[in-house]
1. Restricting attention to segment A:66-118, which residues are charged (D, E, K, R) and buried (at least 19 other Cβ atoms within 10 Å of the Cβ)?
2. Would you be able to tell me the number of residues in segment B:73-102 that are surrounded by fewer than 16 Cβ atoms within 10 Å (Cβ to Cβ) and over 26 Å from B:Asp237 (Cα atoms)?
3. State whether one or more residues within segment A:26-46 are outside any strand (DSSP E or B) and either modelled with pLDDT under 85 or farther than 30 Å from B:Leu76 by Cα (or both).
4. Name, by its number, the condition in (1) assigned to a strand (DSSP E or B); (2) farther than 13 Å from A:Val189 by Cβ that does not hold for A:Leu118.
5. Taking only pairs six or more apart or across chains, which ones have beta-carbon atoms under 7 Å, a first residue in segment B:188-200 that is over 11 Å from B:Val219 (Cα atoms) and without any contact (Cβ under 8 Å) to a residue 40 or more places away in the chain, and a second residue that is among the charged types (D, E, K, R) and surrounded by fewer than 19 Cβ atoms within 10 Å (Cβ to Cβ)?
6. I'd like the full set of residues that are aliphatic (A, V, I, L, M) and facing chain B (nearest Cβ under 10 Å), limited to segment A:65-82.
7. State all residues of segment B:117-135 that are under 29 Å from the mean Cα position of the chain (by Cα) and either basic (Lys, Arg) or surrounded by 18 or more Cβ atoms within 10 Å (Cβ to Cβ) (or both); if no residue qualifies, say none.
8. Look through segment B:100-124, keep the residues that are in a loop (DSSP other than H, G, I, E, B) and within 9 Å of another protein chain (Cβ to nearest Cβ), and return whichever of them is nearest to A:Pro140 (Cα to Cα).
Amino acid sequence: MKTRFLVPLLLLLVAFALSGSNCLLDEKVLEIVYFQKTCVDFEENEDSEVFTTPATMDYADELDDVLSNNEISKSDVNSARIVSASYMVTDFSHTHDWDITGEITVRRVDTAGAAVTLVTYTGQSVLAALNNSVPAILDPAGVELLNDALEDYITDAADPVIEFSVENGNVNPNPSVTNMLVFDWRGCVAIHIVAGISLEVPDPF
Amino acid sequence: MRILTRLIIAIGFATLALLMAVPAIAQIEDQLSAYTGANAEGYLQPLSDAFGANLNSGWYHSAYIPVDGFHWSFELRVMGAIFSDDAATFSATTEGGFSPEQTVDAPTVVGSGDAVTVDGDSGTEFTFPGGFDLNSFAMAVPQIKLGSYKGTEAVIRYFAIDVGDVEIGNVSLLGLGARHSISQYLDPEFPVDLAGGFMWQKFTLGDDFIEANAFTIGVQASRNYGWIEPYAGLSYDMFSMSVAYESDESGEAEEINLDAASSVHLCLGCAIGIAPVIANVEYNIAAQSSFAFGLAVGF
């Protein structure tokens, strides 16, 4: 009686264990999302309310680093899209506040494209943005340019290089040589990179 | 020697089962990194429920406990929870500064592998990660029973291993419990054996990635018909789990404490065999129902 039960039970367990990859593990394909922020820094030292401050970013290098850090290849990426943008003043030490109005434009350097508006800011208090991430109001033209750049990167159509440029139009009060507008700020764009991966997971029942 | 061989096979099986789960658990950390706060909790909750149900199952297969004399039993327990359709999605809200804020049904950790994307202002998109498309969550643990002293036996579950994965590190499970024979105080003609007991367990993964605590207390009844012994148990279960991970958005460590779950738990099972080898199967009706089966070798 004992042997009758013992032998089949042990055989069942051993077979279950040894054939684990077939019996216990199941291959699943899942889409994983990587949230990535790419940021550019601008240093302002202005004596006029109208000024331009460009900063260039090699988007392909940035994205290469993201994929490398997460151990995925470009062929695993299904899509990459802009989620949001924000800006923040990182250094400001004036005795009074300033309100600034303007836009941040983007331009494809690698394709020598035209600049389009990505972000507009109106009456933004510099002091209020000090160490405080402000959600940016996005312009469809700039988002489309960045989404296209991401698509070009994924499909190997190009290695996008993007120029971000502050195009300021108005400052209150008006800066001058004796009352310079001096602050540093950072603009960030958030991206979702969606990758498909295959993974064997235990799902025996 | 034959018993030693059986023990090695059983330990090997438990090791294999735990190790196979590790790559998936490591991937959960990546999936979570896209989320913060409430989204992360909603994403993980079904796995937490199943984990708690599994840990609080399968720790007995009989209410009979000898009053005195040295008795031991080495046991391998396999516990599994089947996920309902309701567990596949949760109510997720966009984050990361996405505008306008939207709430949609997104996959949980056990839901569809397909991500869900919503459109926002000015051509932006927000994507909720997919799940692992799981039907069930199962785990195997070894346990030892030692007794008896005045109708009391100890139950010990222990497992610790360094999986060699720098991101995960160590996996360990420690469970300590005791059961006491109620039958010894009753008329010997009482139709069933009765026992009461409790068990506490702590599971950790990595230095601080996952920490789970389970506690169950209850009574059991069984009746031996020779080679077959039906049994039942009624218990009160408690379970809590915390998960620490790094958020992609903030770049900072996030810690979520999943809802501590308490539930009444009814177990119905049957053991088959004659010492030294007994197999059992049971179904557990609780907030998250589960089943278990196992093999015990001992005297």
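1. Listed by number, the residues that qualify are A:Arg81, A:Glu103, A:Arg107, A:Arg108.
2. 4
3. Taking every residue of segment A:26-46 in turn, none turns out to be outside any strand (DSSP E or B) and either modelled with pLDDT under 85 or farther than 30 Å from B:Leu76 by Cα (or both).
4. It is condition (2) that A:Leu118 fails.
5. As it stands, the answer is B:Pro191/B:Arg223, since those pairs meet every condition given.
6. Once the filter is applied, which keeps residues that are aliphatic (A, V, I, L, M) and facing chain B (nearest Cβ under 10 Å), segment A:65-82 yields A:Val66, A:Ile72, A:Ala80, A:Ile82.
7. Within segment B:117-135, B:Phe128, B:Pro129, B:Gly130, B:Gly131, B:Phe132, B:Asp133, B:Leu134 meet the criteria.
8. Restricting to residues being in a loop (DSSP other than H, G, I, E, B) and within 9 Å of another protein chain (Cβ to nearest Cβ), the top hit is B:Thr124.
The values are calculated or read from the model by the stated rules, or taken from the named source; none is laboratory data. Remember, predicted model here, so these are calculated numbers, not experimental data. Because the Cβ atoms are built from the backbone with ideal geometry, glycine has one as well, and the counts that use them run over all protein chains shown.
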